[in-house]
Each structure stands twice: as structure tokens, then as C-alpha cells.
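Every read-out reported here was derived from the displayed coordinates using simple, explicitly stated rules and does not represent laboratory data. A quick note: this is a predicted structure, and the numbers were derived from the prediction, not measured. Cβ sites come from the backbone with ideal geometry, for glycine too, and all protein chains shown count toward neighbours.
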Ligand code: HEM
């Protein structure tokens with residue numbers, strides 16, 4: 001016997017989702033007093049859910065699949081066509097291994113060194129500047145980090161252009177109208193550039209180091225023993241470059257946390273690295289970034305007394321799961337201490353998705369993100385002096401992705417002696 005899920009009446013609620021952003025799912029969960037409800041999105045029945053148990057069922061490969069789960073507007077801006085995000089089963093596992101193979105301890109150490117080097121180079125420039133717009137600058141730092149780590153040659157006269165275009169891909173993912181077209185155009189340009197680069201690697205005209213994404217993805221063979229076609233290889237290299245640039249958003253939230261919670265900055269002074277990790281985890285839990293992930297029901301099943309019908313689009317709310325009071329005491333308080341003895345559950349703390357890296361769709365770049373954030377925290381909290389002039393530091397709970405409105409202006413930046 002099954003029950004009817006709490007249901008939002010009406011023909012379609014896609015517009016409410018755009019209007020309410022990060023809060024669309026939790027607003028309805030509150031009014032239904034339920035962590036699951038049915039609605040209609042993109043003209044079809046859809047299920048929305050929140051919480052650790054929901055995450056566990058969402059990441060069960062027997063129950064959900066990703067084929068045709070992402071709306072076209074997201075594919076044409078954020079994801080790209082035929083990338084790892086839309087694969088299932090063995091072909092997903094094989095492609096995911098390609099990604100995870102570059103996430104080795106050596107690879108991550110190299111990334112840390114590259115990130116420090118780029119911060120140092122940027123500081124030379126910032127010390128000459130009256131004011132710095134952190135969001136724009138951080139995207140520039142991260143573009144260089146992304147290219148250097150991925151083995152992509154940097155052409156100085158194209159840095160601004162590709163930084164802007166890679167940014168436009170994630171800035172436009174939830175946009176409609178002109179901003180959406182900007183994102184689509186950016187993706188077309190970047191895919192062309194990276195596609196040509198992959199052909200040059202295959203022709204021996206560009207030779208990136210062997211442990212880099214550009215080398216590995218150019219020479220990766222699918223389960224039939226064939227190289228990826230150029231478009232797909234480009235989409236996957238961009239699946240490394242674009243999200244590394246997107247870490248700029250978390251760098252902004254780190255700066256915000258350092259400013260709003262000076263007592264946390266103090267605790268870093270006698271830290272052996274553990275407290276820095278706790279702050280980074282709390283930044284990833286506390287602030288809004290990736291709102292929800294989507295999948296489709298693979299075959300009919302029942303869960304929690306509710307029926308899930310094959311093909312139904314199902315959204316898992318990442319932000320609300322990270323703020324679920326059942327798991328997180330006082331969730332609206334910024335409190336790194338909560339990570340001192342955290343149980344490492346793969347389903348309750350899911351800013352970059354949940355479940356297993358190799359078998360599921362959990363973010364391939366979670367360790368990359370954490371390492372880059374720790375280096376950036378060290379600079380923003382320990383190694384620099386700067387003023388934070390009056391500005392609008394608030395951030396939207398509606399606009400996706402959320403970025404502090406002022407993009408964080410810093411003045412008179414200097415190295416601490
Ligand atoms: C997937 C978030 C950084 C590469 C994902 C997913 C989320 C996410 C929510 C989807 C999980 C799912 O579908 O269940 C983030 C956030 C980041 C970030 C908030 C912060 C900037 C990165 C970085 C990289 C990366 C730095 C690469 C170096 C990927 C890839 C996937 C993915 C390849 C697809 C995995 C798959 O489908 O199996 N990320 N990510 N991400 N991310 Fe990230």
C-alpha cells in the first residue's frame with residue numbers, strides 16, 4: 001500500500017523555482033511539513049526531497065539514473081553534451097575513473113603548490129592596486145591554477161577572455177534570456193578552443209605533462225577501445241577547468257567568513273591544519289552554492305510509503321540537506337567546531353553531491369576544492385592585511401549561483417611581514 005505524497009497543485013512551477021532559488025524546495029517542505037513532495041517542473045510531474053535518508057535513496061544506482069535528467073538550458077551552459085554527468089552504469093564508471101585518476105595525492109600536492117604560486121604572483125599585483133574586487137580577481141587566479149594544473153598552455157593575451165567565458169558558464173546556468181545566451185555562446189567558444197587544443201595534443205604539436213587532465217583525457221580510451229571524439233574530450237577537459245574557476249565563489253565566502261567571524265581567524269593562529277580544514281568544511285556547509293541535483297527514476301519502486309514512478313524527475317536539495325536540523329544542531333550558526341568530530345557520512349554533508357566518487361556522481365573535484373580553499377584561507381586569514389570598506393556584503397538566497405553583492409571589495413592589500 002502506498003500513500004499520496006504531499007502535492008503542490010498547479011500546471012507547472014518552473015517559474016517559482018527560478019523565483020525562489022535555493023529556498024524553493026525548503027519553502028514547500030516547510031508548508032507541507034514533509035521532507036518530500038510532488039510538484040510539476042518543466043511541464044512534467046517531479047519529486048523534490050531533502051535530507052540524509054533522501055540522499056541515500058537518491059544515490060542508489062538501482063533506483064535513479066542520469067540519462068536525460070538535466071534540462072537543456074543547463075546542458076548548453078554548465079555541463080556540455082555527453083559528458084560524465086549524463087552517463088550511467090559501466091560507461092559512467094569508466095569515464096569517472098578517468099577523472100579520479102588525476103585526483104592522486106601527488107596530483108593534489110602539485111595543485112597546492114600551483115595555487116600558492118598563483119596567490120603570490122597575484123599579491124605582487126594587488127599591492128600596487130588601490131582596491132581589489134575579490135570575485136573578479138579570484139576567478140583570474142583560479143583560471144591560471146586550472147590551466148597550469150590541467151596542462152593547458154596559458155596565452156597571456158587570452159587570459160581575460162577565457163576567464164570570463166568559463167565564468168559565464170556557471171554564472172548563467174540558472175538564467176533565462178540574454179544572460180542564458182551569453183553562457184551558451186561562452187560554452188561554444190571554449191569548446192572550440194579546447195577541442196583544437198586536443199587535436200594538437202593528438203597531432204603531437206602540444207605535449208602536456210603525462211599526469212595532467214589534458215594529456216589523460218586526450219588519450220583516454222572508452223570501453224570499446226576508442227579515443228573520445230573531440231567534442232566529448234573537450235567537454236570533459238572543460239569539466240576540470242570550469243569548476244576550478246568556480247572555486248572563486250567559495251573564495252569569496254571564505255573572505256566573508258573571515259570578516260564576519262574574526263574569532264575564528266584567531267583560532268587559526270595556533271593551528272596545525274585541522275582547524276583550517278574545519279573552517280573550510282563549515283564554509284562549504286553554511287553558504288549557498290550548488291542548490292540541488294537531479295536524476296530520473298530508473299524503475300518503479302516504493303520508498304517511505306510513497307511510490308516513485310519510472311522516469312519521474314527527482315531533485316535532491318543539497319543546500320537544505322546541509323542545513324537539516326535533524327543532523328546539524330543550530331544549522332544557521334556558522335560553527336566550524338561541529339566538524340571536530342563529524343562522522344563522515346556520505347549523505348548528510350553534501351555541498352558537492354553525496355554517495356560514492358567512483359560508483360556514483362559525487363563531485364570528482366571535491367578534494368581539489370578543499371585543497372584550494374585551504375590555501376586561499378591561509379592567505380585571506382593569515383598572510384594578508386587589508387581593509388574591508390563599507391559595501392553590500394549580503395548575498396541572495398534566490399539568485400543561483402549566489403555571490404556576495406559587492407563581489408567583496410578589499411582595500412590597501414599588503415602582505416603581513
Ligand atoms: C559534479 C559541486 C568543484 C568536477 C558535481 C556535482 C556537484 C558539484 C553538486 C554533482 C553531484 C551529483 O550529480 O550528484 C561542485 C562545487 C564545486 C565543485 C560546489 C566548487 C567549486 C569541482 C572541481 C572539479 C569538479 C574543482 C574538477 C576539478 C566535477 C565533475 C563532476 C562534478 C567532473 C561530475 C561527476 C559525475 O557526474 O560523476 N560537482 N563542484 N567539481 N564535479 Fe564538482
Net length gained if the chain between residue 270 and residue 341 were fully extended (0.36 nm per residue, minus Cα distance)
23.7 nm
Within the P(r) computed for the chain, what percentage of the Cα pairs occupies the region above 42 Å?
12
Scattering curve values for region 56-116, log₁₀ I(q)/I(0), Debye with Cα scatterers, q = 0.13, 0.16, 0.21 Å⁻¹
-0.52, -0.71, -0.91
I want to check the label-to-label distance for residue 93 and residue 415. Put each point 7 Å from Cα in the C-beta direction and report it in nm to one decimal.
5.0
For region 1-19 and region 310-349, compute the distance between their C-alpha centroids and round to whole Å.
23
Just to compare against my own numbers: the Cα pair-distance distribution for region 322-407, 10 Å bins, whole % per bin, please.
13, 31, 42, 13, 1
Cα extents of region 242-281 along the principal axes, largest first, in whole Å, come to 34, 21, 12
Output the relative contact order of region 14-415, whole-number percent, from Cα pairs under 8 angstrom with separation of 6+ residues.
27
So how far, in whole Å, is the C-alpha centre of region 33-109 from the one of region 187-231?
24
Return, for the Cα atoms of region 251-302, the radius of gyration and Dmax in Å, separated by a comma.
17.2, 54
In nm², the average projected area of the convex hull spanned by the Cα atoms of region 81-159 is 7.2
Along the Cα→Cβ direction, 7 angstrom out, place labels at residue 30 and residue 74. What is the inter-label distance in nm?
2.3
Rounded to whole Å, give me the distance from the Cα center of region 265-287 to that of region 364-417.
14
Here FRET efficiency (C-beta to C-beta, residue 44 to residue 19, R₀ 30 Å, nearest 0.05) is 0.95
One computes Rg over Rh for region 270-417 from alpha-carbon atoms, with the Kirkwood Rh, and obtains 1.04
Two-decimal ratio, region 203-253, of alpha-carbon radius of gyration to 2.2 N^0.38 Å:
1.39
Note on the chain, DSSP bridge orientation, antiparallel percent to nearest 5 equals 75
Across 5 Å bins from the origin, how do the percents of Cα pairs in region 89-241 run, short distances first?
2, 8, 16, 19, 19, 17, 11, 5, 2, 1, 0, 0
Give the calculated FRET efficiency between residue 332 and residue 200 to the nearest 0.05, with a Förster radius of 56 Å applied to their Cβ-Cβ distance.
0.65
Between residue 300 and residue 121, the FRET efficiency computed from the C-beta separation at R0 = 41 Å comes out, to the nearest 0.05, as 0.15
